[in-house]
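Derivation of every value follows stated rules applied to the coordinates shown; laboratory data play no part. As the structure is a prediction and not an experimental result, all values here were calculated from the model. Note that each Cβ is placed from the backbone with ideal geometry, even for glycine, and that neighbours are counted across all protein chains shown.
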There are 2 protein chains.
Amino acid sequence: MIIALDAMGGDYAPSAIVEGAVEALNEYEDLEIILVGDERAITKELLGKQFPSLRVKINHAPEAVGMGESPMAAIRKKNSSIRKAIDLVKAGEAHAVVSAGHSGVVMALALIVLGASTGVDRPAIGALMPTFKKPFLLIDAGANVDSTPANLFQFALMGNAFAKHILGRPSPRVAILSIGEEESKGNELTKESFKLIQPAGLNFMGNIEGKDLFAGEADVVVCDGFVGNIVLKTSEGLAETVIKMLKQEIGSLPTGRLGYLFIKKALRGFKKKTDYAEYGGAPLLGINGTCIISHGRSTSKAIKNAVKIAAEFSRKKMFEIIREEINSKNAMLPLKGNTVAAG
Amino acid sequence: MIIALDAMGGDYAPSAIVEGAVEALNEYEDLEIILVGDERAITKELLGKQFPSLRVKINHAPEAVGMGESPMAAIRKKNSSIRKAIDLVKAGEAHAVVSAGHSGVVMALALIVLGASTGVDRPAIGALMPTFKKPFLLIDAGANVDSTPANLFQFALMGNAFAKHILGRPSPRVAILSIGEEESKGNELTKESFKLIQPAGLNFMGNIEGKDLFAGEADVVVCDGFVGNIVLKTSEGLAETVIKMLKQEIGSLPTGRLGYLFIKKALRGFKKKTDYAEYGGAPLLGINGTCIISHGRSTSKAIKNAVKIAAEFSRKKMFEIIREEINSKNAMLPLKGNTVAAG
C-alpha cells in the first residue's frame, strides 16, 4: 500500500508528520509513504532517523495551506501539499491520502480532484467516537451543513457499510441522533429522514438521544454535519474539562498528591481509550478514493495510526463497498438525489 | 413568595417532590408552597415530617401526566397536576410554578395558559451549564426546533437579560454556537443570526465552537433548541460516562481500592459542581410568568433548589425584565417577528 502523506498539514508539521511516517514505516512492512511538501524541510526532518529508506519518497510541493487561511484561496493553490497529495491518488501513484491540514480544504479538494462516488450526493466525514463499550461511527461529523433527508439516508447507508466491513460489526445498529426516542421527536430533518431510513433494510434502532450516545448501544449514528461537528467538538472539550476539573478537585484535597499518584495510571488508561490519536483520523466517505482527515493537533502517534487506517481502508476497498451499498439502495429514495426537501 | 409545585411530576414523584418541598420550607422562611396533585398521596408523604405547616397548602389535582404519555392527549387534561399548578400562577394565587413532569407538556401548557411575553415569538429554555470556571446559560436548550434567525436574535436578548440580572454578570459575553469561530462558519441559521445579533449592542463575542464551551469564556450561548438539547444531553451522558470509565480504570489497577478511596472525595466535589440537582431546573424564558422545568430524575435536593430559584426569579421580576429587553430591541429586526426565513 502506498500512502500519500501531507507533510505540511497540522499544528506540529512537518516534524510530527515525518516522525509519524517513520514510526509507521518501521511498524508496518507492507507500507510505502510518499511525503508531500517542502523537500528541504522534509529531508531535514528525516536526517538521522532510522527507517527503511526504499519505502519512502518525497514529492516536492512548494506551497502550504495555513490553518487560518481563506479556504477559497487555499483551494485554488495548484501546488499546495494537500493538493499534490490528493493528485497522487487521482493519478494512481498512491492508494490513499492522509492530511492533518485545514480540514475544509482537504474535503473540498478531495471532492474536486477525486469526485464523489457514483450515486453519492454528499460525501460525509465518519468519526469514531469512544464509548463505555465499543466505539461508534458518527456520520456526518462535519463535511456538510443544512443536509437533506436524502443526504441522511445516504449517510446511514455509508455508515452501515463502514461498520460492517471496517469495524467488523455483522449487523450494525444504525440510529438517528435526535431529541427523543419516538419517531415523532426531532426536527423536520430527523423526522423526514426517519421515514426514509426505517424501510431501508438496515438494523435500524430509531432515534438515539445525546444522553445515550456514550452507552455504546449504536454502531452508527447519523446526523447533519453541523450537529455532528458540534457533538464531536463538545465531547472533546468536555472530556478534557472533566479530567481537568477532577485533577483540580484531587489537588485541593489534603491527600491530593498521593491520590493523584494512585489514579495517574487510570487517567492514562482512560486517555488511551478516548484519545483521538488512537484512531488517527476520520475517513471522508463517499468519494472515489481513500482520504483520511486527521486532527489539526495530530501527534506522530496520530499520524502513524492515520497511515495505518488509510492502508486498511484502501486494502479493504472501502470506497467501492460504499458505492455498491449506495447504488443498491438509492432506488428507495422517493425522488432522486438530494432533491428531497428538508421541510 | 408562593410557589406552585407539581407534586406528581418526575421519576421519584410524589415522595422526592414532597421531601424537596419540606426541605425548601425549612431552609427558606419567606416561602410558601402549594403542593398540586393527588391529595391523599401528598398527605401521606407529609405525614411524620417536620415543617412549618402554615406555609403549605395542598391543591387537589385528580389527574397526572405519565412520562411516556402522548403530549397532545396530556395537554388536553384540564385536571392534571401540571395544568392546575400553572393555572395557579395565571390566577395570581402563586408567583411561580415548578414541575419535574413531562417537559414538553409543561412547556406547552405554560405557553397556552400564561402566554408568551409581548414581542417574544418563541419562549426558550435556558439551561445553566457548568464549566471549568463559571456556568453559562445555554439558550435554547430544547423548547423549539427549526428556529429562525429572528428566534435566535430573541434568544440572545433573553439570555443577555438573564445573565445580567440573575447571574449578576455586568456585561454578559454572548456567543452563537457554531462549527467555527469566523462569521462565515456555520449553517444558514447561524450565519443569518450572526448578522442580526452582531449590531444589537450586546457584548457579542461571535461564534463559539463546541470544544470551547466548557472553558467558561461565554456567559450566554445561543442555538436552536434541537442543537441545544443535543448538547445538553450529550454533555450529561458524557460526563457520567467519563466518571464511569475512570472508576473502571481505577478498579482494574492493583492499587484500585486504595486509589478509589483517595479520589472518592474529589469525585464527590466534581459531582457537586456538575450535578443538575445543584441548579434545580431550567427556566422557560419569554412567557408571562415564572416557570421552572426540572429534570425528570429530580431528587428532593433538585426540587428544593428549583423552588429556591423559582422564588428568586419571581422576586427579581425576571419575566418583566426580559419583556423590556425584547421590546427595546425588537425594532432592530429587519422584518417583524419570526418571519425572517432561515434560508
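Using 0.36 nm per residue, how much length does the chain from residue B:195 to residue B:70 gain when fully extended, once their Cα-Cα distance is taken away?
On the way: separation 125, 0.36 × 125 = 45.00 nm, distance 3.85 nm.
Full-extension gain reported as 41.2 nm.
Sorting A:30, A:219 on the 10 Å Cβ count, fewest up front, what's the list?
Working: A:30 8, A:219 23.
Going from sparsest to densest Cβ surroundings: A:30, A:219.
Under a point-charge model restricted to the Cβ atoms of Lys and Arg (+1) and Asp and Glu (-1), what is the dipole moment magnitude of the stretch B:59-212 relative to its Cα centre, in debye to the nearest 20? Could you put the intermediate results ahead of the total?
Details: 16 positive and 14 negative charges, 92 e Å.
Dipole magnitude for the stretch B:59-212 comes out near 440 debye.
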- Note on the structure: Computed ³J(HN,Hα) along the stretch B:314-328: with the Karplus parameters 6.51/-1.76/1.60, θ = phi - 60°, integer Hz and x for glycine or proline, the list is 5, 4, 7, 6, 3, 6, 6, 4, 5, 4, 5, 4, 5, 6, 6
- Item | Gaussian network model of chain B, Cα within-10 Å springs - most flexible of B:254, B:123, B:149 | B:254
- Note on the structure: Listed by chain and number, the residues whose amide H is under 5 Å from that of residue B:173, excluding neighbours fewer than 5 places away on the same chain and using placed H, are B:219, B:220
- Could you size up the charge dipole of the stretch B:1-74 around its Cα centre, putting +1 on the beta carbon of Lys and Arg and -1 on that of Asp and Glu, and report it in debye to the nearest 20? 240
- Can you list, shortest first and in nm, the gaps between the label point of residue B:68 and those of its counterparts in the other copies, using a point 7 Å from Cα in the C-beta direction? 5.5
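What relative contact order, as a whole-number percentage, does the stretch A:171-323 give when Cα pairs under 8 Å and 6 or more residues apart are counted? Let's see the in-between values first.
Working: 161 pairs, mean separation 24.4, N = 153.
Relative contact order comes out at 16 percent.
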- One decimal, nm, nearest first: from residue A:251 to the same residue in each other copy, label points 7 Å out along Cα→Cβ, the values are 2.9
- Item | For the stretch B:77-225, with +1 on Lys and Arg beta carbons and -1 on Asp and Glu, the positive-most of B:175, B:199, B:109 along the dipole | B:109
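Pairs of alpha-carbon atoms within less than 8 angstrom and 6+ residues apart define the contacts here; what relative contact order does the stretch B:87-156 have, in percent? Could the numbers behind the result be given before it?
On the way: 53 pairs, mean separation 15.6, N = 70.
Taking the mean separation of contacting Cα pairs over the length of the stretch B:87-156, I get 22 percent.
For A:227, B:98, what's the fewest-to-most ordering of other Cβ within 10 Å of each Cβ? If you can, show how the numbers build up before the last one.
Details: A:227 29, B:98 36.
Starting with the residue having the fewest Cβ neighbours, the order is A:227, B:98.
As a footprinting exposure proxy, order A:221, B:105 by other Cβ within 10 Å, with the fewest listed first.
Working: A:221 28, B:105 25.
Result, fewest neighbours first: B:105, A:221.
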- Item | Averaged over A:211-223, number of beta-carbon atoms from partner chains that fall within 10 Å | 3
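Would you mind working out the magnitude of the charge dipole of the protein assembly as shown relative to its Cα centre, with +1 at each Lys and Arg C-beta and -1 at each Asp and Glu C-beta, to the nearest 20 Debye?
Details: 82 positive and 74 negative charges, 279 e Å.
Using only the charged Cβ atoms, the result is roughly 1340 debye.
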- List the trypsin sites (Lys or Arg not before Pro) within the stretch A:1-92 that fall in a DSSP loop (any state other than H, G, I, E or B) and whose Cβ has at most 12 other Cβ atoms within 10 Å. A:78
- Per-residue ellipticity at 222 nm for chain B, helices alone: DSSP H runs ≥ 4 residues times -39500 (n - 2.57), over residue total, nearest 500 deg cm²/dmol? -14000 deg cm²/dmol
- Copies of residue B:43 compared via label points 7 Å along Cα→Cβ give distances in nm, shortest first, of 9.4
- Rounded to the nearest 5, what % of the DSSP beta bridges within the stretch A:1-156 are antiparallel ones? 20
- Item | Calculated log₁₀ intensity ratio I(q)/I(0) where the Debye formula runs over C-alpha points of the protein assembly as shown, q = 0.05, 0.10, 0.12 Å⁻¹ | -0.26, -0.99, -1.31
- Message: Quick query: amide H of residue A:34 versus all other amide H atoms, modeled in the peptide plane; which residues come in under 5 Å with a sequence gap of 5 or more or a different chain?
- Response: A:3, A:4, A:5, A:57
- Query: What's the local net charge at residue A:163, with K and R +1, D and E -1, over the other residues with C-beta under 9 Å away?
  - Reply: +2
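Shielding by partners for B:273-281, please: the mean number of other protein chain Cβ atoms within 10 Å of each residue's Cβ. Write down the numbers at each step before the final one.
Working: counts 3, 4, 0, 0, 0, 0, 0, 0, 0.
For this peptide, the per-residue mean of nearby foreign Cβ atoms is 1.
Find the relative contact order for chain A and round it to a whole percent, using C-alpha pairs within less than 8 Å whose residues are 6+ positions apart.
Details: 715 pairs, mean separation 82.7, N = 343.
Answer for chain A is 24 percent.
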- Message: Net charge within 11 Å of residue A:200 by Cβ-Cβ distance, Lys/Arg positive one each and Asp/Glu negative one each, not counting residue A:200 itself?
- Response: +1
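Provide the percentage of antiparallel DSSP beta bridges, counting only those with both residues in chain A; round to the nearest 5.
Details: 9 of 38 bridges.
Percentage antiparallel, nearest 5: 25.
Net charge within 14 Å of residue B:31 by Cβ-Cβ distance, Lys/Arg positive one each and Asp/Glu negative one each, not counting residue B:31 itself? Can you show the working numbers first?
Values: positive: B:55, B:57, B:304, B:308, B:315; negative: B:23, B:27, B:29, B:30, B:32, B:312.
Result for the local shell: -1.
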- Message: Please give the Cα centre distance for the stretch A:214-274 versus the stretch B:193-267, rounded to the nearest Å.
- Response: 9
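Normalized C-alpha radius of gyration of the stretch A:105-235, against 2.2 N^0.38 Å?
Details: Rg = 13.7 Å, N = 131, 2.2 N^0.38 = 14.0 Å.
Here the answer is 0.97, to two decimals.
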